[in-house]
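Read-outs: derived from the displayed coordinates by stated rules, not from any lab. Since we're looking at a predicted model, the values are computed, not measured. Methodologically, a virtual Cβ is constructed for each residue, glycine included, from the backbone with ideal geometry; neighbour enumeration extends over all protein chains shown.
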């Protein structure tokens with residue numbers, strides 16, 4: 001395991017050090033479980049009381065933390081520098097370059113230098129893969145795909161025919177790129193007729209897609225995931241969707257066909273869109289929300305159907321009180337009816 005002096009970590013992370021530069025750090029841990037040679041981080045000030053109880057040798061934080069003996073690496077972005085520190089201590093194993101004897105590589109496929117192709121992996125006809133590719137066992141690349149440098153496909157990834165993938169793309173276990181879009185037309189006899197999905201899926205540079213996610217090919221044209229987008233596990237990106245630059249798409253999100261997400265959109269967990277709509281840049285869709293219309297730039301929406309999150313918070317706070325409110329309204333209605341009856345009787349006696 002690697003180890004670093006705090007002074008070395010401060011230099012590598014470009015942080016200012018408050019504390020003993022000679023402390024030896026051997027690992028990264030959570031604030032609760034860190035030991036005497038670990039470094040941890042404090043990104044949210046509300047967790048500052050936990051920092052005072054930590055056994056960590058050092059913290060990465062925005063400012064020195066009082067009430068603790070731990071040193072501090074002062075950072076303008078503690079969470080990012082925590083991630084950078086973690087990468088210094090843990091590097092996942094990378095298989096050696098070479099092609100396993102059981103892999104199936106088409107004679108007319110092109111694979112760049114320093115590739116590692118695992119057992120039973122398949123690279124089909126007329127496919128081109130750049131340098132430094134890693135295909136883990138049972139990854140399958142269909143015919144006619146174009147893939148850039150530094151590509152990683154974990155076990156049981158499938159990239160379907162003619163799809164295009166940029167540089168530094170990582171696909172985790174069970175991801176399917178370019179599976180058929182969900183397109184059927186109902187015939188006069190009431191039976192569903194499949195619509196051929198003749199388009200492709202395009203992943204631009206620096207895209208990462210987590211396990212068991214599907215990005216469908218388009219009926220016509222393309223489905224596109226733009227540069228730097230990150231898609232979580234168990235997501236469904238429908239045909240002809242556009243996922244914008246640096247989007248964060250959290251687990252169990254589903255985008256119906258022809259949804260367009262502009263740059264820096266966040267779709268929280270278990271969200272969905274009804275398709276043929278645009279979620280404009282810097283918008284946030286809160287967890288378990290259903291979007292059925294365009295979302296304006298920079299807004300935050302919640303609920304299903306989704307609307308402004310501030311209004312949704314007020315509405316959700318009122319929801320448990322609806323039975324009480326209904327009883328009050330009915331009581332007031334009875335009271336008004338009695339008053340009207342009394343006034344009517346008074347008028348008739350005159």
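For this structure, a couple of remarks:
- Exposure proxy for 33, 50, 281, 22: other Cβ atoms within 10 Å of each Cβ, ordered fewest to most, give 22, 33, 50, 281.
- The range 102-152 versus the range 154-233: alpha-carbon centroid distance in Å: 18 Å
- For the range 121-199, the equivalent ellipsoid derived from the alpha-carbon gyration tensor has semi-axes of 30, 13, 10 Å in decreasing order.
- The range 113-166 gives an Rg/Rh value of 0.91, both radii derived from C-alpha positions and Rh following Kirkwood.
- Label-to-label distance, residue 12 versus residue 184, with points set 7 angstrom from Cα along the beta-carbon direction: 5.4 nm.
- Three-way shape call for the range 4-89 based on the alpha-carbon gyration tensor, with the a/c threshold at 1.5: rounded
- Gyration tensor (alpha-carbon) shape descriptor, the range 207-299, a/c threshold 1.5: rounded
- Spin-label pair residue 97/residue 113, simplified geometry with 7 Å Cα→Cβ offset, distance in nm: 0.7 nm
- Within a Gaussian network of the chain (alpha carbon springs, distance under 10 Å), most fluctuating of 65, 265, 175: 65
- For the range 310-332 and the range 40-95, distance of Cα centres in Å: 44 Å
- Sum of -39500 (n - 2.57) over DSSP H runs of 4+, divided by residues of the chain (222 nm, nearest 500): -5500 deg cm²/dmol
- Within the listed set 165, 76, 279, the residue fluctuating most in the Gaussian network model of the chain (springs between alpha-carbon atoms under 10 angstrom) is 76.
- Gyration tensor verdict on the chain (Cα atoms; rounded if a/c is under 1.5, prolate if a/b is larger than b/c, oblate otherwise): oblate
- Net lengthening on full extension, residue 287/residue 327 (0.36 nm per residue, minus Cα-Cα): 11.2 nm
- A simple spin-label model places the labels of residue 341 and residue 205 8.0 nm from each other, with each point 7 Å out along Cα-to-Cβ.
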